[in-house]
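Trainee: Okay, here's the structure, questions in a sec.
Computed from the coordinates by the stated procedures, all read-outs in this text should not be read as laboratory data. The structure presented is a predicted model; accordingly, all values stated were derived computationally and were not measured. So basically every Cβ, Gly included, is an ideal-geometry build from the backbone, and we count neighbours across all protein chains shown.
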Amino acid sequence: MEKSTGFEFDDLQGLLRFGYGKLTESCFMLLDISDAAVARRWLATAPVTNAVAASPPPATALQIAFSATGLQTMGLRQSLLDGFSDEFITGMAGDESRSRRLGDILGNAPPHWQWGGNQEQMPDIMLLLYARPGEMEAWRKSVESEGFRAAFRVRVILPTNYIGALEPFGFADGISQPVIDWERRQSTDLHERDRYSNLLSAGEVVLGYPNEYGLYTSRPLIDPREDGLAAGLPDAEDAPALKDFGRNGSYLVIRQLHQDVPGFWQFLDKAAGSVPEKREELAAKMVGRQRDGAPLTPPVGEDIPGIPPDAPSNHFTYDLDVQGHHCPISAHIRRANPRSGDLPPGVTGFLSRLLKILGFGRKRADEDLVASSRFHRLLRRGRSYGPLLAPEDAVKPEAPAAERGLQFIVLGASISRQFEFVQNAWLMSGKFGGVQQERDPLLGTREPLANGEPTDTFRRPDPTGPVRKTCQLPQFVTVLGGGYFFMPGLRALRYLATLPATGSEKDHE
Ligand code: HEM
């Protein structure tokens, strides 16, 4: 245990605490288990990196996550699997209504995916390897030992490519992240929280701790009297007689998102009359930041917990830009995290807070959603892939098309309340914060609504004149694959490694 916070960082996989930004080489392997007994033996000694802050920081890292079928194949019994959330068990592509809500329709639909599109295509395990430049090959060799090859079949190796701290459209990425409140400094009580905070309860990213509601998210708990192997697992904080298989574990959501970089910049160039400054301005308004990451919104004067005042790239809310004159309401970062506090500005006193919480006295169309932004924060850990193409080259008609995009990864304690909510209600919705006929300008599908209304518009409110509209946006991002995984704590990994052979394994012996 690290003395400074008392948090069990030695039981947490490191990715929950660090983005491994200096380990610029990454390799994401999707594996099937070919021999569960050998897989358990491999897992018992696998060099999984924990979240203790080491000095010097590690030169390599290994993280491991399991799909629901992967946990089952490892031998986790059904009664424990049932303790995970329904969406994890059903899977990202497991039901049509979920696909519709996530925008996984038409060209994005799971039958078109390269991996994860149905149960048979869903890998058992995801391994995430990180290394310093030039050190990945050796690291992979040491991970892929003889036991590894006997235990697993490699299904897919997802491409990644470090192009600086950029995403493929050319914007600085990885700037805004929640700061996890490992020390439990911040109250979750609504009456004590009346403005935007970037500090987020540990229970929002790891299971086994209070979340932003002050509650424990459900997870598999074990009665040690019925399962002697569980003795090494941590106690459940909210039910001390039980052992907690979920504690220090997190759900991992991955989506392989293809980005049409030439298509994006050529569309913007045309819409901007081929004036480079106007093209840049339109692109920045769509993202909500300049290409170098500078925000469009003026900084707020007051403190924002979890954001140092000297971090101008993040020291803002939308309170000073209610109309979207600086950052359009539909801009990607404003949809993905509407910030602006747990309650709208100026709401003080118990009674008026209560009225707001109960939904009375709404004056602005976006008040309902900003009231809940802290329940939908995402810890992003994605990496880009494909060759770098600078916007200045992408606008040229001869710009080379290539496989480029993001291996978009988020970690969290609730897939439905975090990733699925943000993706569905904020990014893909045709109605957001009082704006209609638009979806996320970067990611949106452009299908009309059921009533025939278009959704392919992007509006930029202008304080000096009428709203500026860009129409007929094409779809710039296509889903190529995806899945829901669980990244256990280290003691839970050890528990998995000691499980006995299941009935079906014995049948094969
Ligand atoms: C190819 C797809 C995507 C691209 C190109 C993209 C690009 C960006 C960029 C340039 C930023 C600003 C930099 C930063 O704050 O780190 C950003 C922020 C963000 N994106 Fe995305 N993104 C993509 C997909 C997604 C998806 C699928 C989600 C959620 C389901 C998402 C959620 C977020 C969030 C939460 C932020 C931080 C917003 C804030 O706190 O201000 N992004 N993205």
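Trainee: At what distance in nm do the modelled label points of S79 and S416 sit from each other, each positioned 7 Å from its Cα along Cα→Cβ?
Mentor: Taking the two extended label points, one gets 2.4 nm.
Trainee: Limiting things to C-alpha atoms, what are the Rg and the maximum Cα-Cα separation (Dmax) for segment 103-165, in angstroms?
Mentor: That works out to 15.4, 42 Å for Rg and Dmax.
Trainee: Could you give me the radius of gyration and the Dmax of segment 154-276, taking only the C-alpha atoms into account and expressing both in angstrom?
Mentor: Cα radius of gyration and Dmax of segment 154-276 are 22.1, 72 Å respectively.
Trainee: Within segment 38-76, which residues have the backbone N less than 13 Å from the label spot 7 Å out from A150 along Cα→beta-carbon, could you tell me?
Mentor: 38-43
Trainee: Long-range amide H contacts for T317: which residues qualify at under 5 Å (H placed 1.01 Å from N, peptide plane, sequence gap of 5 or more or a different chain)?
Mentor: Hits under the 5 Å cutoff: V300.
Trainee: May I ask you to order 206-217, 243-254, 270-281, 69-80 by the average number of other C-beta atoms within 10 Å around their residues, highest value first?
Mentor: Highest mean packing first, the order is 243-254, 206-217, 69-80, 270-281.
Trainee: Here's something else I'd like to know. Using R₀ = 45 Å, calculate the FRET efficiency as 1/(1 + (r/R₀)^6) where r is the Cβ-Cβ separation of Y213 and R468; round to 0.05.
Mentor: 0.65
Trainee: With a ≥ b ≥ c the root eigenvalues of the C-alpha gyration tensor of segment 149-200, is it rounded (a/c under 1.5), prolate (a/b larger than b/c) or oblate?
Mentor: Cα axes put segment 149-200 in the oblate bin.
Trainee: Taking just the alpha carbons, could you work out the radius of gyration and Dmax for segment 238-300, both in angstroms?
Mentor: Using the Cα atoms of segment 238-300, the pair Rg, Dmax is 21.5, 68 Å.
Trainee: Considering the options G214, L128, G75, tell which one lies farthest towards the positive end of the dipole of the chain, charges being +1 on Lys and Arg and -1 on Asp and Glu at the Cβ, about the Cα centre.
Mentor: Sorting the options by dipole projection puts first G214.
Trainee: Between Q119 and A44, with labels modelled 7 Å along Cα→Cβ, what's the label distance in nm to one decimal, could you check?
Mentor: With each label placed 7 Å out from Cα toward Cβ, I get 3.2 nm.
Trainee: Report, in cubic angstrom per residue, the convex hull volume of the C-alpha atoms of segment 381-438.
Mentor: So the per-residue hull volume is 133 Å³.
Trainee: Show me, for segment 429-445, the HN-Hα J-couplings you get by feeding each phi into the Karplus relation (A = 6.51, B = -1.76, C = 1.60, θ = phi - 60°), rounded to Hz, glycine and proline as x.
Mentor: After applying 6.51 cos²θ - 1.76 cosθ + 1.60, I find 5, x, 9, 8, x, x, 9, 10, 6, 9, 10, 3, x, 7, 9, x, 7 Hz.
Trainee: Using the Cα atoms as the points, what is the convex hull volume per residue of segment 210-250 in Å³?
Mentor: 64 Å³
Trainee: Another one. What distance in nm lies between label points placed 7 Å from Cα along the C-beta direction at Y162 and E302?
Mentor: Each label point lies 7 Å from its Cα, and together they span 4.1 nm.
Trainee: Taking the convex hull of the alpha carbon atoms in the chain, what volume per residue do you get, in Å³?
Mentor: Taking only Cα atoms, the chain has a hull volume of 162 Å³ per residue.
Trainee: Nothing charged except the Cβ atoms of Lys and Arg (+1) and of Asp and Glu (-1): what's the magnitude of the dipole of the chain about its Cα centre? Round to the nearest 20 debye.
Mentor: With Lys and Arg at +1 and Asp and Glu at -1, about 700 debye.
Trainee: Need one word for segment 218-335: rounded, prolate or oblate. Basis is the Cα gyration tensor (sqrt eigenvalues a ≥ b ≥ c); a/c below 1.5 gives rounded, then a/b vs b/c decides.
Mentor: It comes out prolate by the Cα gyration axes.
Trainee: Can you tell me the FRET efficiency between L388 and R225 if r is taken as the Cβ-Cβ distance and R0 is 56 Å, rounded to the nearest 0.05?
Mentor: Efficiency, rounded to the nearest 0.05: 0.45.
Trainee: Can you list the equivalent-ellipsoid semi-axes of segment 98-138, largest first and in whole Å, using the square root of 5 times each Cα gyration tensor eigenvalue?
Mentor: The answer is 31, 13, 9 Å, longest axis first.
Trainee: Under the rule of -39500 (n - 2.57) per DSSP H run of 4 or more residues, summed and divided by the residues of the chain, what mean residue ellipticity at 222 nm is obtained, to the nearest 500 deg cm²/dmol?
Mentor: Using -39500 (n - 2.57) per qualifying helix, the result is -5000 deg cm²/dmol.
Trainee: I'm a student and want to see the number: the projected area of the Cα convex hull of segment 16-154, averaged over all directions, in nm².
Mentor: The number I arrive at for segment 16-154 is 10.1 nm².
Trainee: Zone of S97 (label point 7 Å along Cα→Cβ, backbone N under 18 Å): which residues in segment 443-481?
Mentor: 450
Trainee: Stokes-Einstein at 10 °C, 1.306 mPa s, Kirkwood radius from Cα pairs: D for segment 167-230 in µm² s⁻¹?
Mentor: Using the Kirkwood radius from Cα pairs, D works out to 109 µm²/s.
Trainee: If the label point is 7 Å along Cα→Cβ of R184, which residues in segment 205-239 have backbone nitrogen under 17 Å from it?
Mentor: So the set is 205-218, 234-239.
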